[in-house]
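Quick note: the coordinates plus some simple rules give every number you see, no bench work behind them. Model, not experiment: these values are computed from the prediction. Virtual Cβ from ideal backbone geometry, glycine too; neighbours counted across all protein chains shown.
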C-alpha cells in the first residue's frame with residue numbers, strides 16, 4: 001500500500017529541477033523541499049515503529065520503503081539516517097537498517113517531562129478556558145467515550161466494521177481533547193514545546209498498549225472525565241493532578257508495552273540464530 005506524501009518530482013536531489021535550478025535561491029528551495037519530504041518520511045516510519053506495526057528487530061529495506069512511499073531511495077536513505085541519529089534505527093554493515101526502537105529510559109524521560117508540561121497546561125486551562133472551548137472539550141470527551149463503546153462492540157462477531165471506526169474515532173477524540181486543553185491554556189510557547197515532544201512520542205502511542213484491554217480503555221475514559229470536570233469547575237490544582245496522573249498512567253502502559261516488544265524481538269533473534277546454527281550443523 002502506497003502512502004500519500006508530498007510530490008517528490010520537484011524535490012528529489014536526483015531530479016531534473018535540481019539540475020535546472022541555475023540560481024542559488026532555486027537550489028535552496030529544492031533543498032528545503034527535500035528536507036521537508038525527508039522529515040515527513042522519517043515521521044511516518046517512526047510512527048509505525050512506535051505503534052508496533054513495524055516491530056522492533058525488523059529490517060528496513062530501502063527499496064521496499066521507496067516503493068511504498070512512492071519516492072526514490074534518496075529521501076528514504078536520509079530519513080533512515082535521521083532515525084539512526086535518534087537511536088530508533090541502527091545501521092548494520094552489509095545488512096541494512098535494523099529497528100532498535102527507543103530505550104525504556106528514553107520513554108520514561110519523555111513522559112516525565114510531558115506529565116509536568118501537560119499538567120501545567122491543564123492548570124492554566126482551568127483558569128482561562130472559554131465557554132466555546134469548554135463545549136468542545138465536552139464534545140471530545142463524549143466522542144472519546146463513544147469510541148471505546150464502538151471498539152468493545154467491534155470485538156463481537158456481529159460488529160465487523162465497528163472496531164476500525166472506533167479506533168479512528170478514538171485517535172481523533174483523544175487528539176481533540178488534549179488539543180483543546182492546550183489551546184485553553186493560552187500559552188503558545190507551552191504548546192510548541194509539547195508539540196515537539198509528540199513528534200518523538202506521539203500522543204496516540206498509548207493506543208498500542210490499550211487496545212487489547214477493555215478495563216484499561218474504560219479507565220482511560222474515566223481519566224478524561226475527571227480532567228474535564230476539574231477544568232470545568234475551575235479547580236486548577238485538581239486539573240493539574242488529574243492530567244499528571246493521566247500521562248503517568250500512559251507512561252506505565254507504553255513502557256510495559258515496549259519492554260514486551262523488546263523481549264519478543266530478542267526471542268526472535270535467538271530463534272533465528274538457533275535456526276542458522278542448526279542449518280550449518282546439518
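Going from the fewest other Cβ atoms within 10 Å to the most, the residues 41, 247, 152 appear in the order 152, 247, 41. Given R0 = 22 Å, the distance between the Cβ atoms of residue 128 and residue 248 translates into a calculated FRET efficiency of 0.35. Exposure proxy for 254, 92: other Cβ atoms within 10 Å of each Cβ, ordered fewest to most, give 92, 254.
By the count of neighbouring beta-carbon atoms within 10 Å, fewest first, 203, 95 end up ordered 95, 203.
With the gyration tensor restricted to C-alpha atoms of the range 47-197, the semi-axes of the equivalent ellipsoid amount to 34, 24, 14 Å, longest first.
Alpha-carbon geometry of the range 104-262: the Rg and the Dmax are 15.4, 47 Å, given in that order.
In this structure, residue 73 and residue 106 have a Cβ-Cβ separation that, at R0 = 22 Å, corresponds to a calculated FRET efficiency of about 0.20.
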